[in-house]
Amino acid sequence: MGTPRILGADELDVAATILREGGLVAFPTETVYGLGAHARDSAAVRRVFAAKGRPADNPLIVHLADPHDLPDVAREVPPSAAGLAARFWPGPLTLVLDAVDDLPAVTTGGHPTVGVRVPDHPVALRLLAAAGVPVAAPSANRSGRPSPTTAAHVVADLGDRVDAVVDGGPAGVGLESTVVDARTSAPIVLREGAVTREDLSASAATGTAAAPGTRYRHYAPSCRLELCSDVVPRAAALAGQGLRVGAIVAADAQLPAEVQAIGRYRDLEELARGLYAGLRAAEELGVDVLVAPTVPEHGIGRAVMDRLRRAAAL
Ligand code: TXA
Ligand code: MG
């Protein structure tokens, strides 16, 4: 696997040209890095599925620079969906709406709907505006792996399967967008994410269904992952069995010398931001088992637990 071209945030015209001409460009968003392709170019989108090793029935999120471009990809925008867009865009909320007829089936995974969002990241917004086309972008990891929160994670997973990677530094949120089915007046959460149910509660029903992508094993590191309400004693006990142990712990936790601190956090936002980097660091350091905390399921804690459970394959 070769290395892709790395572009700085001052080279977005180059990145935009690659996208317009059917190439693949990974770029930063506020959630995680995305693997972008021209959403109307079937051949380019097919390359995205191949690069990720992604099942063909798992639809991609289409990214727009401007909420006003929504009718380019969504056939109908109910007032409730327009309200969500007005309230949360740019931001980590993906709206599932009826797709326009001329969006390629490969982009929508063969579904009659399309997921759309306007990301809240200056580099992403400038790139999308320069490209001037809707950009389909799943997370820029190999399918099943933790999502990438840095350009280096993208390169490690995809190498030159991607034509270029725009390096915009580490992603600020660290977990993916919340996906809601916004076709009805009471939108339904399909994937937990960075916009919390508390954020949505004024606008959305908290009914639950599952996005196609949530059916697959996901976010998994290659080492064993254990979830525990009390990380320090569990990590110490595992180390006592002769295992190489890593732990994700509170900033002020005292760890025994034989346990490696893979990540430290002061609050749930910081835990979310560093979670995927921690999963990747644990594999790189060659630990046998990583112990991560169970956290209260409110706010961003709900998305954190969703990802941790899937990563631990519970
Ligand atoms: O934060 C994010 O959402 C990132 C950044 C790059 O924008 N993207 C991302 O894309 O996480 P991906 O492909 O890794 O996850 C998209 C999720 C999948 O679970 C997929 O099934 C669901 O959104 N999805 C996309 N379009 C959908 C649709 N039309 N109907 C239902 N679910 C959809
Ligand atoms: Mg993904």
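The values are calculated or read from the model by the stated rules, or taken from the named source; none is laboratory data. Worth saying up front: this structure is predicted, and the values here are computed from it rather than measured. Every residue, glycine among them, receives a Cβ derived from its backbone with ideal geometry; neighbour counts consider all protein chains shown. Accessible surface is based on the protein model in full, side chains and every heavy atom, while ligands, DNA and RNA are left aside. Shrake-Rupley method; radii C 1.70, N 1.55, O 1.52, S 1.80 Å.
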Among the residues of segment 177-192, is any at pLDDT below 90, within 16 Å of ligand 2 (Cβ to nearest atom) and under 24 Å from Ala86 (Cα atoms)? no
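Yes or no, residue by residue, for (1) open to solvent by less than 10 Å² (accessible area, probe 1.4 Å); (2) of a type in the set (Val, Ile, Thr):
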position: Ala16; (1), (2): yes, no
position: Glu21; (1), (2): no, no
position: Val25; (1), (2): yes, yes
position: Asp57; (1), (2): no, no
position: Val62; (1), (2): yes, yes
position: Gly91; (1), (2): yes, no
Quick check on segment 93-113. Is at least one of its residues near ligand 1 (Cβ under 9 Å from one of its atoms), of a type in the set (S, T, N, Q), surrounded by fewer than 20 Cβ atoms within 10 Å (Cβ to Cβ) and more than 14 Å from the chain's Cα centre (by Cα)? yes
Might you check whether a residue that is open to solvent by less than 20 Å² (accessible area, probe 1.4 Å), away from ligand 1 (no atom under 11 Å from the Cβ) and touching a Gly at 6+ places or on another chain (Cβ under 6 Å) occurs anywhere in segment 120-131? yes
